[in-house]
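Novice: Right, I'll just put the structure down here and ask away after.
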Amino acid sequence: MEQHSDPYFLSGNEIAGRIGSRIRTVRLNRNITREELQRITGVNKKTIGDAESGKNITILNFIAILRGLNMLDRLSELLREEGVSPVMLAKMQGKVPQRATGKR
């Protein structure tokens with residue numbers, strides 16, 4: 001069975017599973033037990049196991065786990081400020097949009 005690398009071809013569960021697998025691999029490569037990661041992050045080791053299995057956890061626990069594994073840099077694209085496009089600024093006469101109006 002072919003594995004897609006394009007996330008748009010994957011279900012949410014498949015993406016979560018792959019992310020969990022990467023977290024587990026990094027943790028094991030760094031020789032960190034779940035107990036140690038729990039001590040570092042304050043995240044319960046069961047929740048860490050859930051994350052590694054691709055189960056649903058809170059975003060705050062996800063961030064804590066990434067921080068504990070020194071992986072926060074993997075979120076850099078999401079943390080980058082998204083500027084307002086010049087076209088949108090022109091349409092809004094220089095005002096920054098506060099909400100989406102949808103397609104018309």
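The values are calculated or read from the model by the stated rules, or taken from the named source; none is laboratory data. What you are looking at is a predicted structure, and each value in this text was computed from that prediction instead of being measured. Neighbour counts are summed over all protein chains in view; Cβ atoms, including those assigned to glycine, are modelled from backbone coordinates with ideal geometry.
Novice: Select from region 41-58 the residues that are buried (at least 19 other Cβ atoms within 10 Å of the Cβ) and polar (S, T, N, Q) and write down the one among them that is nearest to E14 (Cα to Cα).
Specialist: Looking at residues that are buried (at least 19 other Cβ atoms within 10 Å of the Cβ) and polar (S, T, N, Q), I get T47.
Novice: Here's a follow-up. Among all residue pairs at least 6 apart or on different chains, which show Cβ distances below 6 Å where the first residue, located in region 63-81, is exposed (fewer than 15 other Cβ atoms within 10 Å of the Cβ) and the second is at pLDDT 95 or above?
Specialist: Short answer, once both residue conditions are applied: L72/L66.
Novice: Please verify whether region 20-27 includes one or more residues that are touching a residue at least 40 places away in the same chain (Cβ under 8 Å), polar (S, T, N, Q) and either under 30 Å from Q98 (Cα atoms) or assigned to a helix (DSSP H, G or I) (or both). Lay out the reasoning, then the answer.
Specialist: Pass one, region 20-27, residues touching a residue at least 40 places away in the same chain (Cβ under 8 Å): 23, 26-27.
In the following step, the residues that additionally are polar (S, T, N, Q) were identified as none.
No, the conditions are met nowhere in region 20-27.
Novice: What single numbered condition from (1) in a loop (DSSP other than H, G, I, E, B); (2) farther than 21 Å from N13 by Cα fails to hold for E35?
Specialist: (1)
Novice: Inside region 55-104, counting only helices (runs of 4 or more DSSP H) that do not spill past its ends, which hold 1 or more residues that are in contact with a Gly (Cβ under 7 Å, 6 or more places away or on another chain), at pLDDT below 95 and under 30 Å from R18 (Cα atoms)?
Specialist: On the way: elements: 59-68, 76-79, 86-91.
Per the criteria, no element qualifies.
Novice: Sticking with this one: Name the single residue that is nearest to G68 (Cα to Cα) among those in region 4-21 being touching an Asp or Glu at 6+ places or on another chain (Cβ under 9 Å) and loosely packed, with under 14 Cβ neighbours inside 10 Å.
Specialist: Here the residue is S21.
Novice: Now, a different point. For region 42-54, which positions are assigned to a helix (DSSP H, G or I) and under 16 Å from I19 (Cβ atoms)?
Specialist: So the first thing to find is which residues in region 42-54 are assigned to a helix (DSSP H, G or I), and the list is 45-52.
T47, I48, G49, D50, A51, E52, listed by residue number.
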